[in-house]
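All remarks here apply to the structure that follows.
The values are calculated or read from the model by the stated rules, or taken from the named source; none is laboratory data. Since this is a predicted model, take the numbers as computed values, not measurements. Because the Cβ atoms are built from the backbone with ideal geometry, glycine has one as well, and the counts that use them run over all protein chains shown. When the accessible area is computed, the model is the full protein with side chains, heavy atoms only, and any ligands, DNA or RNA have been set aside. Shrake-Rupley method; radii C 1.70, N 1.55, O 1.52, S 1.80 Å.
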Amino acid sequence: MANSLSLVLVVDDQNSNLQLISELLDRAGYQVMPALSGEQALARAEVRPPDLVLLDMAMPGMSGAETCNQLHKLPGLESVPVLFVTGAADRSSMVRAFEAGAVDYITKPFLAEELLARVRTHLELKRARDRLTRMVREREDVIDVVAHDLKNPLTCVLFAAQALRCWDPAGGSPERVEELAQEVLDCADEALMYIQRFLSRGAQEQRLRQFGAHSLSLRDVAVEAARLQRTAAQSRGQHFVVDGDAPAWADALALRNVIQNLLSNAIRYSQEGGQITVRIGPSRRAGYSLCSVEDTGTGVPPEIERQLFLRHVRKSDAPDNAQARYSSGLGLAIAKHDVVQMGGNLWYQRGENGGSVFVIELPQTSPDASSPADETARG
């Protein structure tokens, strides 16, 4: 039945009332979680969050009002609908019920049809609210992804344009001007590609992310990411070193964006004139490769290490530069999501000599690829 997935928490200190309501709900196809006290209701709701609560208002010990208040403080139950079941029908009792956070009340003695109708109505309203919440969250996720994907190319355009404006014909290299101009064109094309993907029909259903994983060289991807971030690094007197190589099975564009994000963070939080190293090699885990971005900054404060990959969490105060001004607070969260989608992992560790080290681990071959031993076993 459609109701079979809905869990109703029934709270009443009278066992006879509890059994009566539970039997009505059970016959109507609902799951029922009974509780004889407010304390028991809170303990059970914390383990199995209910979809709706039927709560006796007058109970010894913890009252119905206090139980309702405490229920709404539990994680994920802030908006769970609570219907008070009360023997009092006076105005002051009704006011107290709504002040405590109830969405409705039922007076004793009640008609079975009325109770079931109110339960059904408020569960349908909850499902509608939940759907709207998911839609809003999905729309926000799409906007977050687009904003993040546009940040890298537009930031590169910004720094390249600034470098061109400051170029000195007397001492500058014409080749460098051509490189910067090409960088502007490449990054503008990339930004337009993201916008076209966003505007294309079905983009949201495709989640804007259709990874086309294939075998690639981590060094090639890292060198390209460093090239696109070089102008930003030079603006702070920093330089890149890419050390080593290893194969990986990944989407080249998505991986390049991840490395670019890590490099832009390293630029932002490292001291001026420092070195940023991209170190590549095999992982200790068989069949995986590592690509780490190491900077010479002060590292991540211990109190926010656990928040690094959460969305919209400002990691620390950054220098007053363009990289800091255009930070969205989304980069690391989306970077980790993308790496995980490609079958890998992304984590942070403290550098041996200070600074931060962000490590990407990716499979060297397709997870679907069969080893010779597998082929032999099947044969």
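Which of the residues spanning the stretch 42-69 are farther than 14 Å from Ala102 by Cβ, under 32 Å from the mean Cα position of the chain (by Cα) and touching a residue at least 12 places away in the same chain (Cβ under 8 Å)? Leu42, Arg44, Ala45, Glu46, Arg48, Pro49, Pro50, Asp51 - these are the residues of the stretch 42-69 that are farther than 14 Å from Ala102 by Cβ, under 32 Å from the mean Cα position of the chain (by Cα) and touching a residue at least 12 places away in the same chain (Cβ under 8 Å).
When the helices (runs of 4 or more DSSP H) confined to the stretch 1-89 are screened for residues that are β-branched (Val, Ile, Thr) and open to solvent by less than 30 Å² (accessible area, probe 1.4 Å), those reaching at least 1 such residues are found at 15-27, 64-71.
The single condition among (1) open to solvent by 40 Å² or more (accessible area, probe 1.4 Å); (2) assigned to a helix (DSSP H, G or I); (3) among the charged types (D, E, K, R) that Asp168 does not satisfy is (2). The set of residues in the stretch 165-204 being over 30 Å from Arg137 (Cβ atoms), among the polar types (S, T, N, Q) and modelled with pLDDT under 80 consists of Ser173 alone.
Among the listed residues Leu263, Leu255, which satisfies the condition of being free of Cβ contacts under 8 Å to residues at least 40 places away in the same chain and either buried (at least 19 other Cβ atoms within 10 Å of the Cβ) or out of contact with any Pro (no Cβ under 9 Å at 6 or more places or on another chain) (or both)?
Numbers: Leu255 fails: free of Cβ contacts under 8 Å to residues at least 40 places away in the same chain.
Step by step, each of Leu263, Leu255 is checked, and only Leu263 is free of Cβ contacts under 8 Å to residues at least 40 places away in the same chain and either buried (at least 19 other Cβ atoms within 10 Å of the Cβ) or out of contact with any Pro (no Cβ under 9 Å at 6 or more places or on another chain) (or both).
For the stretch 232-252, name all the residues that are touching a residue at least 40 places away in the same chain (Cβ under 8 Å), within 20 Å of Glu183 (Cβ to Cβ) and crowded, with 22+ Cβ neighbours inside 10 Å.
Ala232, Ala233
Scanning the stretch 266-276 for residues that are open to solvent by 10 Å² or more (accessible area, probe 1.4 Å) and either without any contact (Cβ under 8 Å) to a residue 12 or more places away in the chain or not in a helix (DSSP H, G or I) (or both) yields Gln271, Glu272, Gly273, Gln275. Within the stretch 322-349, the set of residues being in a loop (DSSP other than H, G, I, E, B), modelled with pLDDT under 75 and surrounded by 15 or more Cβ atoms within 10 Å (Cβ to Cβ) comprises Ser327, Leu330. On the stretch given as the stretch 243-272, residues that are over 16 Å from Ser356 (Cα atoms) and over 27 Å from the mean Cα position of the chain (by Cα) total 5.
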